[in-house]
Amino acid sequence: MCSIAGFYDPSARFLARQTEFEHILHQMGQCQTHRGPDDSGILLTDRCGLSHTRLSIIDLKNGSQPMTRSLGSYPYHIVYNGEIYNLKALKRALFERDVIPKTTSDTEVILLSYLTFGPNFIRQLDGIFAFAIYDEQHNILTLYRDSFGVKPLFYTMHNGTLIFSSELKGLFRFPGICAELDKNGLNEIFGLGPARTPGSGIFRNICELKPGTCMTCSLSGCSTHTYFRFESRPHEDSYEDTIEKTRFLITDAIKRQMVSDVPICTFLSGGVDSSLVSAVCAEELKTQGKTLTTYSFDFTDNDKYFQANSFQPSMDRPYVDQMTAFLHSDHHYLECGSQVQADKLYESVEAHDLPCMADVDSSLLYFCGEVAKQHKVVLTGECADEVFGGYPWFHKETFLNCHTFPWTPDLSPRTQLLHPELLARLDMESYVNNAYESAIGEIPILPGENNTEVNRRRIGYLNIRFFMQTLLNRMDRTSMHSGLEARVPFADRTLVDYVFNIPWEMKARDGIVKNVLRQAARSLLPEEILFRKKSPYPKTYHPHYEKLLAQRLKAVLEQPDCPLRELVDVTAVMLFTDKTKDYGAPWYGQLMAGPQMIAYLLQIEYWLRKYKVNIII
């Protein structure tokens with residue numbers, strides 16, 4: 001994994017000011033070295049500049065970027081962030097055309113595939129990626145992003161120049177790009193956050209390339225093209241064939257994503273998702289005479305303060321103990337304390353360049369930093385709930401019929417804390433409703449589906465395009481902030497595309513949540529793990545943590561120059577910090593309840609101040 005950045009102007013003369021623009025490229029890369037601490041490079045032509053920082057995973061010696069290959073006498077250049085999982089198949093296709101790579105680097109295979117098969121080769125690419133290819137002969141820059149947006153790619157236009165970067169901070173290193181927030185950005189932060197509309201970069205005039213999309217820029221301008229989208233299709237496989245095929249697709253995805261020239265590890269929570277990933281990895285490594293390393297996460301004194309609720313029914317530790325014994329893995333138990341979790345809230349903002357999932361992010365940021373001391377590559381169980389229907393909103397009528405994003409069915413926990421004048425100007429309910437209606441309009445409904453089936457299909461789509469994207473952003477930023485590459489086998493394109501159309505009577509047969517996944521994992525896991533009731537990522541219930549957050553937010557709001565004061569109802573927020581929080585009533589997802597609202601507001605305040613955000617409404 002790496003970072004990429006650059007700029008392109010089809011009529012520019014960058015080489016006339018070579019020193020200046022090379023310095024800009026260095027700065028755009030330097031601010032992202034956490035994503036690629038092993039190597040870096042830049043390339044400047046008259047009309048395009050490319051920057052790259054590298055985390056060495058494949059072909060450690062020969063994979064430096066930017067990389068250049070020629071077609072005839074014309075050079076083509078690439079900067080690439082990601083991993084390709086069907087590298088062998090791509091190489092075979094090249095060999096059949098007598099095209100022989102000089103290295104074992106996946107970067108070279110991507111560039112040669114582009115030269116050999118043309119821009120539409122992207123449809124054959126299986127992996128997680130964001131990359132840019134510059135064609136000097138035709139003066140064309142093309143940007144690509146993977147099907148589900150596992151890897152980020154932001155861009156903006158400034159005086160005719162396209163600027164792009166893996167992270168937002170890279171854009172701000174280009175002269176003239178400022179952190180500005182308009183009405184739409186405020187609605188994203190307060191109405192949808194920590195989720196955001198696909199394509200939104202939150203900041204004014206800044207976008208993110210949508211998943212499954214490529215952008216082509218030339219003298220004719222810039223245009224985008226969607227190369228992957230969901231299709232609603234009748235599911236024709238029998239129940240037994242569905243289980244068998246799902247088992248193959250899952251295990252195949254996990255094994256393909258183990259490709260690495262450095263040792264891998266897994267995150268293990270004791271739930272069915274991470275346990276299945278760990279079990280397949282452990283068995284595969286065993287055939288190589290190797291032992292899998294696993295990591296689990298918890299919070300200091302959680303055994304004392306844990307509060308079971310409908311969203312988080314059990315602690316992980318007993319199930320982790322059972323799985324580590326089953327796997328014979330080299331296991332490491334990691335704990336995060338309240339002080340660290342609170343302190344890391346601000347570093348999480350810097351990792352995202354945005355407010356994020358509060359302490360759900362800050363704790364994972366800490367854990368990833370600890371794992372990165374020993375490993376560069378980790379496989380996780382992320383995305384299984386979105387794909388296989390593991391969340392409560394797939395099952396309860398109140399969520400199915402809420403006609404809005406089911407993880408935020410009620411905006412009042414947000415709106416009651418905002419300044420009344422701001423709230424009136426934002427028209428937040430209309431903004432959120434428009435985002436919802438636009439999203440559900442993207443997925444076609446099959447003839448004969450009743451209202452419940454239609455709602456489940458829509459919720460499935462929303463989960464993948466909104467909720468899963470938020471968790472993928474979280475995983476990428478928290479891991480890559482420490483130079484750790486996180487892979488997500490359950491976000492495999494072929495797997496997701498297949499499971500999306502499995503009917504609900506199979507997905508939840510006999511009332512079993514994620515039934516298809518559990519049945520597909522039979523014989524691979526102990527029964528207690530296989531049918532454990534879903535419990536999400538752990539969070540702290542320590543009373544000291546909530547008190548610490550409340551003290552910090554009050555102290556911040558008492559400062560006369562606090563940028564948050566103009567956006568919130570200070571009196572309402574002060575009263576809110578004094579109330580006992582309900583840990584079982586989330587305002588976003590399953591984990592973000594009262595304490596996380598305080599943490600989120602702290603992140604917003606820090607973000608506004610740190611990035612010197614200029615609000616324009």
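The values are calculated or read from the model by the stated rules, or taken from the named source; none is laboratory data. Given the structure is predicted, the values throughout are model-derived calculations rather than measurements. Quick reminder, even Gly has a Cβ in these numbers, built from the backbone with ideal geometry, and neighbours come from all protein chains shown. The protein model used for the area step is the full one, side chains on, heavy atoms only, and it has no ligands, DNA or RNA in it. Shrake-Rupley method; radii C 1.70, N 1.55, O 1.52, S 1.80 Å.
When K255 is tested against (1) open to solvent by less than 50 Å² (accessible area, probe 1.4 Å); (2) closer than 29 Å to P318 by Cα, only condition (1) is not met.
R54 meets each of the listed conditions (1) in contact with an Asp or Glu (Cβ under 9 Å, 6 or more places away or on another chain); (2) without any contact (Cβ under 8 Å) to a residue 40 or more places away in the chain apart from (2). I need every pair where a residue in the range 228-242 that is among the β-branched types (V, I, T) has its Cβ under 8 Å from the Cβ of a residue that is open to solvent by less than 50 Å² (accessible area, probe 1.4 Å), sequence separation at least 6 or different chains. Qualifying pairs under 8 Å: T242/H235; T242/I502; T242/M506; T242/V516. Of the helices (runs of 4 or more DSSP H) lying entirely inside the range 337-409, those containing at least 2 residues that are crowded, with 23+ Cβ neighbours inside 10 Å are 338-352, 358-371, 384-388. Consider the range 210-237 and keep the residues that are in a loop (DSSP other than H, G, I, E, B) and under 21 Å from the mean Cα position of the chain (by Cα). The one that is surrounded by the fewest Cβ atoms within 10 Å (Cβ to Cβ) is R229.
Restricting attention to the range 527-546, does a residue exist that is in contact with a His (Cβ under 9 Å, 6 or more places away or on another chain), buried (at least 19 other Cβ atoms within 10 Å of the Cβ), in contact (Cβ under 8 Å) with a residue 12 or more places away in the chain and not aromatic (F, W, Y)?
No, the range 527-546 contains no residue that is in contact with a His (Cβ under 9 Å, 6 or more places away or on another chain), buried (at least 19 other Cβ atoms within 10 Å of the Cβ), in contact (Cβ under 8 Å) with a residue 12 or more places away in the chain and not aromatic (F, W, Y).
Quick check on this structure: which one of P586, P560 is in contact (Cβ under 8 Å) with a residue 12 or more places away in the chain, open to solvent by 20 Å² or more (accessible area, probe 1.4 Å) and not in a helix (DSSP H, G or I)?
Result: P586 is the single residue among P586, P560 that is in contact (Cβ under 8 Å) with a residue 12 or more places away in the chain, open to solvent by 20 Å² or more (accessible area, probe 1.4 Å) and not in a helix (DSSP H, G or I).
Just one of (1) of a type outside the set (F, W, Y); (2) open to solvent by 30 Å² or more (accessible area, probe 1.4 Å); (3) at negative phi fails for S200. It is (2). Do we find that T470 is among the hydroxyl-bearing types (S, T, Y) and open to solvent by less than 40 Å² (accessible area, probe 1.4 Å) in this structure? Yes: the conditions hold for T470. Here the range 31-69 is the region considered, the condition is being of a type in the set (S, T, Y) and either touching a helix residue (DSSP H, G or I) at 6+ places or on another chain (Cβ under 6 Å) or crowded, with 23+ Cβ neighbours inside 10 Å (or both), and the residue that is modelled with the lowest pLDDT is S40. Taking the criterion of being β-branched (V, I, T) and either without any contact (Cβ under 8 Å) to a residue 24 or more places away in the chain or not assigned by the TED database to the domain that holds R247 (or both), the only residue of the range 498-518 that qualifies is I512. Listed residues R522, R487; which is farther than 30 Å from M597 by Cβ and surrounded by 18 or more Cβ atoms within 10 Å (Cβ to Cβ)? It is R487.
Taking the conditions exactly as written (crowded, with 19+ Cβ neighbours inside 10 Å and either under 17 Å from E485 (Cβ atoms) or out of contact with any Ser or Thr (no Cβ under 7 Å at 6 or more places or on another chain) (or both)), does L268 satisfy them or not? Here the answer is no, as L268 does not meet what is asked. The residues listed here are L87, L115; of these, the one that is out of contact with any Gly (no Cβ under 7 Å at 6 or more places or on another chain), open to solvent by 20 Å² or more (accessible area, probe 1.4 Å), modelled with pLDDT under 95 and hydrophobic (A, V, I, L, M, F, W, C) is L87. Picking from residues in the range 259-274 that are among the hydroxyl-bearing types (S, T, Y) and not in a loop (DSSP other than H, G, I, E, B), the one that is farthest from L334 (Cα to Cα) is S274. Contact annotation: residue pairs with Cβ atoms under 8 Å, 6 or more positions apart or on different chains, pairing a residue in the range 91-118 that is in a helix (DSSP H, G or I) with a partner that is modelled with pLDDT under 95 and of a type in the set (D, E), are D106/D59; D106/E83.
When only residues in the range 138-180 that are under 19 Å from the mean Cα position of the chain (by Cα) and assigned to a strand (DSSP E or B) count, which is surrounded by the most Cβ atoms within 10 Å (Cβ to Cβ)? It comes out as S165. The single condition among (1) surrounded by 21 or more Cβ atoms within 10 Å (Cβ to Cβ); (2) more than 21 Å from I110 (Cα to Cα) that K183 does not meet is (1). Does C207 satisfy the criteria of being without any contact (Cβ under 8 Å) to a residue 60 or more places away in the chain, in the same structural domain as K183 (by the TED database), surrounded by 14 or more Cβ atoms within 10 Å (Cβ to Cβ) and closer than 23 Å to F148 by Cα? Yes, satisfied. Taking the criterion of being open to solvent by less than 20 Å² (accessible area, probe 1.4 Å), in contact (Cβ under 8 Å) with a residue 40 or more places away in the chain and not in a loop (DSSP other than H, G, I, E, B), would at least one residue in the range 8-17 satisfy it? The answer is yes; a qualifying residue exists.
Residues in the range 194-204 that are out of contact with any Ser or Thr (no Cβ under 9 Å at 6 or more places or on another chain) and over 19 Å from K151 (Cβ atoms): R204 only. Summed over the range 275-300, the residues that are hydrophobic (A, V, I, L, M, F, W, C), part of a strand (DSSP E or B) and open to solvent by less than 10 Å² (accessible area, probe 1.4 Å) give a count of 1. Would you say L602 is part of a helix (DSSP H, G or I), in contact with a Phe, Trp or Tyr (Cβ under 9 Å, 6 or more places away or on another chain) and not aromatic (F, W, Y)? When the stated conditions are applied, L602 passes them.
Just one of the numbered conditions (1) in contact with a Pro (Cβ under 6 Å, 6 or more places away or on another chain); (2) within 20 Å of V488 (Cβ to Cβ) is not true of L249: (1).
Given the condition assigned to a strand (DSSP E or B) and closer than 30 Å to F500 by Cβ, answer yes or no: does some residue in the range 239-258 qualify? Looking through the range 239-258, none of the residues is assigned to a strand (DSSP E or B) and closer than 30 Å to F500 by Cβ.
Among the residues making up the range 86-110, those that are within 27 Å of the chain's Cα centre (by Cα) and more than 15 Å from F131 (Cβ to Cβ) are N86, K88, A89.
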